[in-house]
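Asks: Supplied in structure tokens, the structure appears directly below.
Taken together, the values in this text are just the output of simple stated rules run on the coordinates, not laboratory data. Just so it is clear, the model here is predicted, and its values are computed rather than measured. Here Cβ is always computed from backbone atoms with ideal geometry, including for glycine, and neighbour counts include all displayed protein chains.
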Amino acid sequence: MRKLKYFFCGRFFPFALIALGILTVGIVLAVRLPALLAPIAVLERIAAVLAALAAACGKSPSEYKLLRVVLILLIPWVGTAAALLLPDRTAGSEEECAASAPFPLSALAENLSSVGPCSLKTAEYFSVGSEMYPRLLEDLKGAKKSIYLEFYIIAEGIFWSDVLEILTEKARAGVDVRVIYDGFGCVLTLPPSFEKEMARRGVKAYCFRPLGFPSRNASRRDHRKIAAIDGEIAYTGGINLADEYIGEKIRFGHWKDTGIRVTGGAAAALALLFTRTWNAGNPSDVLCPPKPSGGNIPCAVISDDSGDRELRAGHQALLKLFAGAEKRLYVNTPYLAPDLPLLRALECAALSGADVRLMIPHIPDKKYPFLLTRSYAAELEKSGVKVREYTDGFLHAKSVVSDGIAFVSTYNLDFRSLFLQAECGVAVKQTALADKLAADFLTAWEGGTPLPARGRAHALFCRILRLTAPLL
């Protein structure tokens with residue numbers, strides 16, 4: 001009886017009546033008016049298209065829009081009615097944010113690292129690729145035991161030529177030199193004979209998932225940037241081995257990127273990530289993991305492989321960093337198309353009183369992701385998140401400052417990076433390093449450009465585009 005009462009008094013009862021009425025009319029028309037079936041089918045298609053567009057233009061998150069569109073496609077007339085009757089769900093409110101509990105950042109090293117808790121001895125931040133370039137070459141020249149490079153993009157040019165010269169010299173001197181490069185990221189930047197050329201120089205090279213058809217895992221790439229030397233020094237961040245990253249080639253204005261150099265436990269952990277990827281692709285040439293190293297600075301090496309896992313370390317780490325910000329939260333990202341939890345975490349941080357700022361590119365490298373990035377940024381701005389665009393060119397940096405924690409990584413704030421690709425980063429709990437990242441962020445912020453005003457038609461178009469955000 002209680003279930004019947006809930007049914008007749010609830011929201012589902014009017015929908016049931018409408019569905020029954022539509023079904024009755026459909027049966028009557030099918031039996032008595034067969035000549036009208038063709039026009040009715042055309043009318044149904046028109047109504048379904050209009051209903052789908054109305055659902056796509058709403059303010060609900062993409063997950064709810066997708067539910068409406070699926071209903072419309074599967075059961076056209078009834079689904080259209082259901083899509084119009086389903087209540088809207090906005091991206092969160094101030095009351096919801098106030099009820100959420102922040103993550104205890106004091107447990108950073110124990111809770112965020114996917115390779116176990118670690119610490120580091122030193123951490124050095126690079127605000128642009130041209131700062132990291134000579135430092136990396138110096139460390140490569142000093143290698144005594146091993147050089148492991150894992151990069152999404154390696155492109156022929158000045159940067160790679162300088163690195164290759166050192167790799168060749170070190171390999172001939174007996175240093176174990178190995179390179180992992182991505183089959184998609186390097187498809188237009190390296191020749192097909194790359195591995196043979198490396199072997200001739202004494203360097204072992206491995207292509208991560210060469211492009212082929214058909215391939216179920218074609219979209220799951222190795223987006224990491226790792227340079228590990230002797231298991232004691234390591235680099236990561238957004239900087240690839242290509243000339244635009246060090247200012248030797250101009251693409252989309254000034255290329256703003258960031259990197260970090262670590263020693264101690266974090267360096268050994270990044271070398272371990274390389275070892276795992278190498279061993280998975282080269283079972284006949286297995287590498288031994290480096291010996292764990294120490295340090296006295298708390299950190300967490302965050303990583304995800306390209307496998308299909310429900311829980312992703314990078315996504316969880318970003319959620320915790322956003323939720324734990326009490327005073328400041330500064331975020332650099334080239335692409336912004338996050339899922340609902342990350343959007344809400346940013347909004348909640350702003351509504352809770354933290355100084356939340358987001359920097360995105362002003363000059364795009366790809367038009368479609370740029371439209372999505374601006375669309376999500378405009379939504380965050382309405383919730384109190386301050387947004388500016390990097391005026392001088394393309395912002396490729398992927399960094400976060402959350403109070404006294406600095407996170408430099410390869411993670412973009414989009415679906416592909418957060419849920420599909422192999423990624424990595426280092427989160428360091430050190431006020432001095434966080435202050436350095438914050439100062440660099442604020443320097444770029446002062447010269448930044450506010451988000452441009454958007455017309456209603458443009459805003460509606462971008463909302464429709466959001467349905468395809470998981471493809472970014």
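Asks: Which value, in debye to the nearest 20, describes the size of the charge dipole of region 267-398 about its Cα centre when Lys and Arg Cβ atoms bear +1, Asp and Glu Cβ atoms bear -1, and nothing else is charged?
Replies: 260
Asks: Residues with amide H under 5 Å of Asp355's amide H, sequence separation 5 or more or different chain, H placed in the peptide plane at 1.01 Å from N; which?
Replies: When sequence neighbours closer than 5 places are left aside, the close amide H contacts are Arg328, Leu329.
Asks: Can you list the residues, at least 5 places off or on another chain, whose amide H is less than 5 Å from the amide H of Ser146, using H built in the peptide plane?
Replies: Asp176, Asp230
Asks: Using the eigenvalues of the Cα gyration tensor, what equivalent ellipsoid semi-axes result for region 105-471 when each is taken as the square root of five times the eigenvalue, whole Å, largest first?
Replies: 32, 23, 19
Asks: Putting +1 on Lys and Arg Cβ atoms and -1 on Asp and Glu Cβ atoms, find which of Gly185, Thr263, Ala155 reaches farthest to the positive end of the dipole of region 105-471.
Replies: Comparing the listed Cα positions along the dipole, Gly185 ranks first.
Asks: Further question on the same structure: I need to check one value: relative contact order of region 128-250, counting alpha carbon pairs closer than 8 Å and at least 6 residues apart, in percent.
Replies: 38
Asks: Positive end of the dipole of region 234-384, charges at C-beta (+1 Lys, Arg; -1 Asp, Glu), about the Cα centre: which of Leu311, Ala280, Gly247 has its Cα farthest in that direction?
Replies: Gly247
Asks: For region 192-250, what does the relative contact order come out to in percent, with C-alpha contacts under 8 Å and a separation of six or more?
Replies: 16
Asks: Looking at this model, which pairs from Lys249/Lys382; Lys145/Lys249; Lys121/Lys256; Lys327/Lys382; Lys145/Lys429 are more than 25 angstrom apart at the alpha-carbon?
Replies: Lys249/Lys382; Lys145/Lys249; Lys121/Lys256; Lys145/Lys429
Asks: Could you tell me whether region 290-344 comes out rounded, prolate or oblate from its Cα gyration tensor? Rule is a ≥ b ≥ c as square roots of the eigenvalues, rounded for a/c under 1.5, then prolate if a/b exceeds b/c, otherwise oblate.
Replies: Values: a/c = 2.28, a/b = 1.27, b/c = 1.79.
Since a/c reaches 1.5 but b/c is at least a/b, the shape of region 290-344 is classed as oblate.
Asks: I would also like to ask the following. List the aspartates and glutamates whose alpha-carbon lies under 13 Å from that of Lys170, not counting same-chain residues fewer than 8 positions away?
Replies: Here the aspartates and glutamates satisfying the reach criterion relative to Lys170 are Glu138, Asp139, Asp162, Asp230.
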